[in-house]
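What follows is a short report on a single structure.
The values are calculated or read from the model by the stated rules, or taken from the named source; none is laboratory data. These numbers were taken from a predicted model, which means no experiment stands behind them. Note: ideal-geometry Cβ built from the backbone for every residue, glycine included; neighbour counts use all protein chains shown.
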Amino acid sequence: MTKIFDTGNAACALAVKAANVDFVAAYPITPQTSVVEKIASYVANGEMQAKYLSVESEHSAASAVAAASAVGARVFTATSSQGLLYMHEILHYSAGGRLSMVMTNVNRAVCAPWCLYVDHQDAISQRDTGWIQFFAASNQEIYDMILLAYKVTEEVNIPVMVNYDGFLVSHSSMPFDTLEQNLVDKFLPPYEPSWRLHPKWGGTFGNVTPSAEYVPFRTSLNADMKRTGQVFLDFSKEYEKLSGHLQSGHFEVYRPEGATHFLLSMGSMGKEMELAVDTLRKQGIPAAGLRLRIFRPFPEEALNSILPSGAKLLVFDRNMVYGSMGGVLLQEAKASLFDRKDSIRVTGISLGLGGEDLPASLLVNKAKEMMEVLK
Amino acid sequence: MKIQDLSSLEYILPGTGACAGCSSTIGLRIIGKALGENAVCLMTPSCAVASMGMTPKTSYTFPALNICFASAGAAAGGMSMALDSLYEKGRLKGEKPVVFTWVGDGGTYDIGFQGLSGAAERNDDFIHFCYNNEAYSNTGVQRSGATPQHVPTTTSPSGKKMPKKNVPLLMLEHRPPYVATASLAYPMDLYRKVEKAKKMTGFRYIEIHMPCCTSWKFPASETIKVSKLAVQTGSWLLWEAEYGKLTINAPTASLVSGQKEPKPVEAYLKAQGRYNWLWKSPQQAEYLEGIELNIRQELDFMNGRTRL
C-alpha cells in the first residue's frame, strides 16, 4: 500500500493503470483532461502496457472502446458534460451489446449556456441507456470504484460509468491509498471474455433483429442490471477484505442512530451533508446523511431497509427534471417508497446547479425549509 | 491471374436478402476471396446490414460488428489497435486478423466522414471499403453527398442541385499508405487492389463504384454493363495512390493521358432509368454539356495530379 497525496483525476488514472487496461481511447474535455493526459503519459513512458488512441471526438472515443471491447480488450475512456452527451448513442449501443467497459465521467453542467462547474445533469441524462453508474465523493473512493467497476462489468457484461464531481473532487488533492499490484492482479485477473469478435470465435454482432428475438435482449439486460446491486455488494466485500479499504455499500449512511430525518444526496454534496447533519444534531434534530454511491441500478431495497417507519426523507438533487417536482433522486426515492404501508414522508429540492456553492450552512437551511413542508 | 483462378471458397453464402443484381454483394464476394479467412468486418447501417440476415442467422461467414452509423472509422481503428495490444501482450496468439469496414456512401461521405478523416490522419490500421451506390438506397433512395448532380431522389425530387463530393480525392490528400478506386466491371483490378492493401499496414481506403439496379432503375442483369459504361465514359475513374503518389489504372489511364476519348456520356446515362427525365427536359443539351465538361475537368485534374 502506498499513501498518495494527489487529485481525484490522478487517483482515477492510477487505478486505470493498476487495472492492466489493454486499450484507451479518449478526447479531452474540462474537467476530465488530466485523467487522459496522465494515462497518455503512462502509455508513452511504458509504465502502462496499453494502446492509447487519440480520437477526434467523444462519439469516436465511445465507438472505439466499444469495438475494442468486442474483441475482448479491457478498455477505458473518460469524459465530462457535452462529451458524455455526444457519446449517448454509443452508450445505448454498448449496454445493449453487453460490452464490458469502464468510463469515468467527471460531472459537469451541460450547455446552453456554457458552464464549466459541477452538477449531475450529464450523468442523469444517461439514466436509461442501460449503463451502471457509480458516484464517488473522494479520491480514495475513485481509486477503489474504478477497480470495482472492472470487476463488476466483467461479471455482468454491462458497462460501468464512475462519476465524480468536476473540480470539487477531480481537482482537489487529498490523501488516498493505492493497492499493491499483486493484490490488484488477484482481484482483477486478465479479462477472459466468453466470446470475441474474431475469426477463431466466429459469429456476427448486432445484426438486425426481429421483435421476438429483440425482447429477450432487453429483458436479460434488465434482469442483469437488477442483479448488479448484489454483485456490487459482494465484490465490495471481497475488495474490502483484500485491500483493507472500507466499502460502505449502496449508501454511505452518516449518524443513523435514532434518526428521524434522512438527508439524501450524491457526489461531494454528500460529504458536505455530514457537516450539515452535525449542525442539525447539535440543534436537537435527529438527522442522518444518506450518500448514494450507486445510482444505476437504483438501490430500492437498501433505501427501504435503511428508513425506519415514520422517517422523513429530504432529497437534495444536483440535477433537475424539467417540468417535474424536482430532481431524479426525488423521483427514484418516491417511486421506491411508494408501496410502503407505514408513513414515510418524502420531499426534495434541486440545488447546486452549475457548481453553485453548497456550504453546510446552506444545506442546513434547506433541510429546515423542507422539514417545514413536511410538518 | 484470371477470374477463373480466384479461390472457390465463398464468404457470402446463398440466402442473402439483397436485391437480385446487387452490386454490393458481388463486390463483397470478390473482397472475401482476396482477404481470406483471417478477417474481421465492421459495418454501419446500410443495404449490406439489412440484407446479411436477421438474428440469429447470417449469410456472411466472416465475423462482423454492426456498429452505429457515424462510427466506422473510430470503431475499426479502435478494434485494430486493441487487437495489437492483445497480440503484443500474448493474450491472443497467431496472426492478427485484417480489420476491414464495409460501409456505404452515406456512412463514408456524410455521417461517417469525421470519424473516417480522423482515422486516416492517425493512420489507424484497417482497410475502409466504401461501396458507393450514390444514394441512401437502403432507406428508399435519398440523396447523399455521393449523389451526382441532377439526379432525382426522394429527397431531391427535382434533381440534386449540387455536384457530388470527391471523397476518394479527399482521402488521397490525407496521404495515407493506400487509396484506390475500383469497379465491378474490372474485378481483377479490384482483387489486385485488395490483395495489395491487405499486405500493407496503416489506413487503407478502397472505394468501389456500385451501380444499384433498384435505385438507378436498370434491369438486374445489367449491373456489370452499367459499371463498365461508367468507367468507359469517364464518369468513374480507376486509380490508386500510395502515400499520396497517384497512378491512374487502365482503362482510365488512356482517357487521362488523352490517348483515347471517353465514350459519349449518353450511353451511360441512357442505361439508367434515373435519368429518363433528362431526355424530355428542355435543358437536356445544357445539362449534358455540363456533365461532359465536368468529366473533362476531372480527367485533366487527375492528369495534373499524377505529376505531383
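Selection of the range B:179-198 for residues being over 21 Å from B:T233 (Cβ atoms) and surrounded by 22 or more Cβ atoms within 10 Å (Cβ to Cβ) yields B:V179, B:K193, B:V194, B:A197. Contact map, the range B:121-135: residues that are among the basic types (K, R) paired with residues that are part of a helix (DSSP H, G or I), Cβ distance under 7 Å, separation 6+ or inter-chain. Pairs shown: B:R122/B:G77. Only one of the numbered conditions (1) under 30 Å from B:S281 (Cα atoms); (2) at pLDDT 95 or above; (3) among the polar types (S, T, N, Q) is violated by B:T181, and that is (1). Just name the residue that is nearest to the other protein chains (Cβ to nearest Cβ) out of those in the range A:208-235 that are within 18 Å of A:F298 (Cβ to Cβ) and among the hydrophobic types (A, V, I, L, M, F, W, C). The selected residue is A:L221. Where helices (runs of 4 or more DSSP H) sit wholly within the range A:39-142, those with at least 3 residues that are away from every other protein chain (no Cβ under 14 Å) and modelled with pLDDT of 95 or more occupy A:81-86, A:121-124. Residue count for the range B:268-308, restricted to those that are touching a residue at least 24 places away in the same chain (Cβ under 8 Å) and exposed (fewer than 12 other Cβ atoms within 10 Å of the Cβ): 1.
Applying the set (1) free of Cβ contacts under 8 Å to residues at least 12 places away in the same chain; (2) not in a helix (DSSP H, G or I) to A:V162 leaves exactly one unmet item: (1).
Filtering the range B:253-291 to residues that are closer than 15 Å to B:V151 by Cα, in a helix (DSSP H, G or I) and among the polar types (S, T, N, Q) leaves B:N276, B:Q284. Within the range A:241-270, the set of residues being surrounded by 15 or more Cβ atoms within 10 Å (Cβ to Cβ) and out of contact with any Phe, Trp or Tyr (no Cβ under 9 Å at 6 or more places or on another chain) comprises A:F251, A:E252, A:Y254, A:R255, A:A259, A:H261, A:F262. State which residue is nearest to the other protein chains (Cβ to nearest Cβ) when the search covers only the range A:19-34 and only residues that are assigned to a loop (DSSP other than H, G, I, E, B) and under 24 Å from A:T178 (Cβ atoms). Looking at residues that are assigned to a loop (DSSP other than H, G, I, E, B) and under 24 Å from A:T178 (Cβ atoms), I get A:D22.
Of note, A:N9 does not satisfy the criterion of being more than 10 Å from chain B (Cβ to nearest Cβ), touching a helix residue (DSSP H, G or I) at 6+ places or on another chain (Cβ under 9 Å) and not in a helix (DSSP H, G or I).
Filtering the range A:128-176 to residues that are among the hydroxyl-bearing types (S, T, Y), crowded, with 22+ Cβ neighbours inside 10 Å and within 24 Å of A:T219 (Cβ to Cβ) leaves only A:T153.
Restricting attention to the range A:160-209, the residues that are among the β-branched types (V, I, T), under 29 Å from A:M266 (Cα atoms) and touching a strand residue (DSSP E or B) at 6+ places or on another chain (Cβ under 7 Å) total 3.
For the range B:128-148, the condition of being hydrophobic (A, V, I, L, M, F, W, C), more than 12 Å from chain A (Cβ to nearest Cβ) and part of a strand (DSSP E or B) holds for at least one residue. Note on the range B:10-42: residues that are within 14 Å of another protein chain (Cβ to nearest Cβ) and closer than 21 Å to B:V226 by Cα total 2. Among the residues of the range A:5-47 satisfying the criterion of being crowded, with 24+ Cβ neighbours inside 10 Å and free of Cβ contacts under 8 Å to residues at least 40 places away in the same chain, which is farthest from the chain's Cα centre (by Cα)? By that ranking, first place goes to A:I39.
Once the range B:38-77 is narrowed to residues that are over 15 Å from B:F129 (Cβ atoms) and among the β-branched types (V, I, T), the residue that is modelled with the lowest pLDDT is B:T55.
May I ask you to verify whether B:P45 is more than 24 Å from B:L116 (Cβ to Cβ) and in a loop (DSSP other than H, G, I, E, B)? Spelling it out, it is not the case that B:P45 is more than 24 Å from B:L116 (Cβ to Cβ) and in a loop (DSSP other than H, G, I, E, B).
Within the bounds of the range B:66-84, is there any residue that is of a type in the set (F, W, Y), under 26 Å from B:S144 (Cβ atoms) and buried (at least 23 other Cβ atoms within 10 Å of the Cβ)? The answer is no; no qualifying residue exists. If you check B:E195 against the conditions, is it among the acidic types (D, E) and in a helix (DSSP H, G or I)? Yes: the conditions hold for B:E195. Scanning the range A:1-51 for residues that are under 20 Å from A:N163 (Cα atoms) and β-branched (V, I, T) gives A:T7, A:V16, A:V21, A:V24, A:I29, A:T30, A:T33, A:V35, A:V36, A:I39. Residues that are more than 7 Å from every other protein chain (Cβ to nearest Cβ) and in contact (Cβ under 8 Å) with a residue 12 or more places away in the chain within the range B:77-93 comprise just one, B:S80.
Taken over the range A:270-292, the criterion of being out of contact with any strand residue (DSSP E or B) (no Cβ under 6 Å at 6 or more places or on another chain) and either within 28 Å of A:Q121 (Cα to Cα) or assigned to a strand (DSSP E or B) (or both) is satisfied by A:K271, A:E272, A:L275, A:A276. Evaluate the range B:54-63: report whether one residue or more is hydrophobic (A, V, I, L, M, F, W, C), part of a loop (DSSP other than H, G, I, E, B) and more than 9 Å from chain A (Cβ to nearest Cβ). Looking through the range B:54-63, none of the residues is hydrophobic (A, V, I, L, M, F, W, C), part of a loop (DSSP other than H, G, I, E, B) and more than 9 Å from chain A (Cβ to nearest Cβ). The residues on offer are B:S137, B:S85, and the sole one that is of a type outside the set (A, V, I, L, M, F, W, C) and over 28 Å from B:G290 (Cα atoms) is B:S85. Pairs meeting the criteria (first residue in the range A:98-127 and not assigned by TED's automatic domain parsing to the domain that holds A:M266, second residue in a strand (DSSP E or B) and among the small types (G, A, S), beta carbons under 6 Å, at least 6 apart or on different chains) are A:T104/A:A78. Here A:K51 passes the criteria (1) charged (D, E, K, R); (2) within 18 Å of A:L85 (Cβ to Cβ); (3) touching a strand residue (DSSP E or B) at 6+ places or on another chain (Cβ under 7 Å) except the one numbered (2). Scanning the range B:3-21 for residues that are β-branched (V, I, T) and over 15 Å from B:L35 (Cα atoms) yields a count of 2. Here B:P45 passes the criteria (1) within 7 Å of chain A (Cβ to nearest Cβ); (2) touching a residue at least 60 places away in the same chain (Cβ under 8 Å) except the one numbered (1). If we scan the range A:66-77, do we find a residue that is without any contact (Cβ under 8 Å) to a residue 40 or more places away in the chain, out of contact with any Lys or Arg (no Cβ under 6 Å at 6 or more places or on another chain) and of a type in the set (V, I, T)? The answer is no; no qualifying residue exists. Taking the range B:275-308 as the range and being of a type outside the set (A, V, I, L, M) and at pLDDT below 95 as the test, only B:R307 passes.
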